[in-house]
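Scroll down for the structure; my scribbles are underneath it.
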Amino acid sequence: MSAISKSLLQQFNTVVSLPSVSSANSSIDTSNKAVIDHLATEFESLGFNCEIIPIPGSGDRKFNLIATLGSGPGGLVLAGHTDTVPLDEELWSVDPFKLTERDGKLFGLGVTDMKGFFPIIMEAVKPLLKESFSEPLIVLATADEETSMQGARTIAEMGRPKARSAIIGEPTGLQPVRTHKGIMMDSIRLLGQSGHSSDPSLGNNALDAMHTVITDLMLYRNELKQKYRNELFTIPYPTLNLGSIHGGDNPNRICGHCELEFDIRLMPGMHIETVRAEIRNRISAITDPLGIQFELVPLFAGVPAFFADENSALLKSAEKLTGHAGISVAFGTEGPFLQELGMDTIILGPGNIDQAHQPDEYMSINMINPCIDVLQKMISQHCLH
């Protein structure tokens, strides 16, 4: 038997059963509307006022939800994303779109990362509904965190919701996260001139130029490693990974085009556009004298690094409630976008990230009630004075 209620299990099953895959591949990308509609219905039944917000440019397929209980300034935001990564269904031992309870675990796509956070919020709120909320409790559910983070970007552009504090319920093993690295993914595209390989003067080899560019990027990687260091991270420096390269079309033709894709994991204090400008200047210094055309193209807008406020009252409270000191993690979150709205923000949720993005994703049942308890205490502290 589960140590959790039947109604909570039903809520887990419902959110898992509603596909909301987010992918850059349009053939497998799906809308999150069904999940948003379900959450809006459930939170309205608890007394929340709900606003469903279309994501601009999504073709009426992607939506955010802002559900608010109480009114006024201050308060607490509990946030999460409603999308999941794609899946290899044949590798699952259970139906990924149906909750399965086994060996003290709940299996299902998104149960940990991170649609399962919303049923836990509902369960935490229910015993508090008879109380008077002096400051608002706001539940934020976003779209496309796994790809573009456009849901969080939309919130930041709107300038709302706003509260004093915000908790993002990503799977952290109920350890409060105080910092994570940022990420940028870019493409370097070089255009030379093709020609017959027997006479190098007939063309301008883009692959030769890319060799020099790669050498310089490796030098830049070492410079970043020397310049930025933070011992809070397991890998305490920024990384630059050369991930993919394509160029040319035949061994007997001078290579006329070449493309390199890379990512950088940024430390707190590094700014995406500053790094892009530095790379752009370095590559131009190589390609201009060679007569090679050059483009630096972001593959997505990027996510800044996150660092909780140095004197974060929310972090101190979470550390006390959980018994864990603030930690750093390697994965990115929507934290920087909520922080941009002026909220004291941390990452804290049930489940573990190593169960996410893989077949047989699960949440350990023994994390659920402790999470409910922490959320109830956080809500009481921030909303029930």
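The values are calculated or read from the model by the stated rules, or taken from the named source; none is laboratory data. In this text the structure is predicted, and so the values were computed from the model without any measurement. Cβ: placed from backbone, ideal geometry, glycine included. Neighbour counts: every protein chain shown.
A few comments on the model shown:
- Whichever residue in region 174-202 is crowded, with 18+ Cβ neighbours inside 10 Å and assigned to a loop (DSSP other than H, G, I, E, B) and, among such residues, is nearest to the chain's Cα centre (by Cα): K181
- Among the residues of region 65-81, not a single one is under 18 Å from M363 (Cβ atoms) and part of a loop (DSSP other than H, G, I, E, B).
- Among (1) more than 23 Å from P336 (Cβ to Cβ); (2) surrounded by fewer than 17 Cβ atoms within 10 Å (Cβ to Cβ) - the single one H357 does not satisfy: (1)
- Residue count for region 33-87, restricted to those that are polar (S, T, N, Q) and without any contact (Cβ under 8 Å) to a residue 60 or more places away in the chain: 3.
Residue-by-condition table, conditions (1) over 23 Å from S187 (Cβ atoms); (2) among the β-branched types (V, I, T); (3) outside the structural domain of I379 (by TED's automatic domain parsing); (4) modelled with pLDDT of 95 or more:
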site	(1), (2), (3), (4)
A285	no, no, yes, yes
D288	no, no, yes, yes
Q293	no, no, yes, yes
L314	yes, no, no, yes
V329	yes, yes, no, no
P350	yes, no, no, yes
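- Check on F337, at pLDDT 95 or above, in a strand (DSSP E or B), buried (at least 18 other Cβ atoms within 10 Å of the Cβ) and not acidic (D, E): no
- Flag if M114 is in a helix (DSSP H, G or I) and either crowded, with 24+ Cβ neighbours inside 10 Å or not basic (K, R) (or both): no
- Pair list, Cβ under 7 Å, 6 or more apart: region 3-25 residue in contact (Cβ under 8 Å) with a residue 24 or more places away in the chain and in the same structural domain as E145 (by TED's automatic domain parsing), other residue basic (K, R) and in a helix (DSSP H, G or I): none
- Odd one out for E90 among (1) over 30 Å from F133 (Cα atoms); (2) in a loop (DSSP other than H, G, I, E, B): (2)
- Any hit, region 145-168, residues being among the small types (G, A, S), buried (at least 23 other Cβ atoms within 10 Å of the Cβ) and either modelled with pLDDT under 95 or over 16 Å from L341 (Cβ atoms) (or both): no
- Of the residues making up region 57-79, just one is at pLDDT below 95 and within 19 Å of the chain's Cα centre (by Cα), namely S58.
- Strands (runs of 3 or more DSSP E) completely within region 242-331 that count 1 or more residues being of a type in the set (S, T, Y) and within 23 Å of the chain's Cα centre (by Cα): 327-329
- Residue within region 278-288 that is in contact with a Lys or Arg (Cβ under 7 Å, 6 or more places away or on another chain) and touching a residue at least 40 places away in the same chain (Cβ under 8 Å) present: no
- Any chance G342 is assigned by TED's automatic domain parsing to the domain that holds E157, in contact with a helix residue (DSSP H, G or I) (Cβ under 6 Å, 6 or more places away or on another chain) and not in a helix (DSSP H, G or I): no
- In region 205-231, residue farthest from R265 (Cα to Cα) [restricted to those that are of a type in the set (K, R) and part of a helix (DSSP H, G or I)]: K227
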